[in-house]
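The values are calculated or read from the model by the stated rules, or taken from the named source; none is laboratory data. It should be emphasised that the depicted structure is a prediction, and the values quoted were computed from it without experimental measurement. Because the Cβ atoms are built from the backbone with ideal geometry, glycine has one as well, and the counts that use them run over all protein chains shown. Keep in mind that these areas ignore ligands, DNA and RNA; they rest on the heavy atoms of the full protein, side chains included. Shrake-Rupley method; radii C 1.70, N 1.55, O 1.52, S 1.80 Å.
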Amino acid sequence: EVRELVARKSDPVMLLSSVFEYQKSELGLVVPKSISITVFKLKADKNEKFSSTRETSVTLSYSNFRQTNVEVKILDDETD
């Protein structure tokens with residue numbers, strides 16, 4: 001899945017890009033494998049024509065998701 005934030009309809013300029021990659025899990029769900037986010041720096045020339053350059057990139061990588069073993073107890077406030 002790719003999401004892009006651009007400015008202006010004509011002659012678009014990229015501001016932010018996010019790329020999501022998914023994987024199947026043992027839980028029967030599709031879960032994230034990686035998320036990459038790129039931030040672009042906006043620049044204008046003398047004629048006020050805008051462009052952008054990549055400024056920062058971050059990638060979050062996930063290992064296989066697995067089911068946790070959690071025990072939940074509800075304690076009753078009433079005492080007999």
- Here the residues within the range 24-57 that are of a type in the set (S, T, N, Q), within 27 Å of Thr68 (Cβ to Cβ) and surrounded by 14 or more Cβ atoms within 10 Å (Cβ to Cβ) are Ser25, Ser36
- Pick out the one residue from Arg3, Arg8 that is touching a strand residue (DSSP E or B) at 6+ places or on another chain (Cβ under 7 Å) and not aliphatic (A, V, I, L, M). Arg3
- Item | Members of the range 1-23 found to be open to solvent by 60 Å² or more (accessible area, probe 1.4 Å) and farther than 30 Å from Lys49 by Cβ, listed by number | Glu1, Glu21, Tyr22
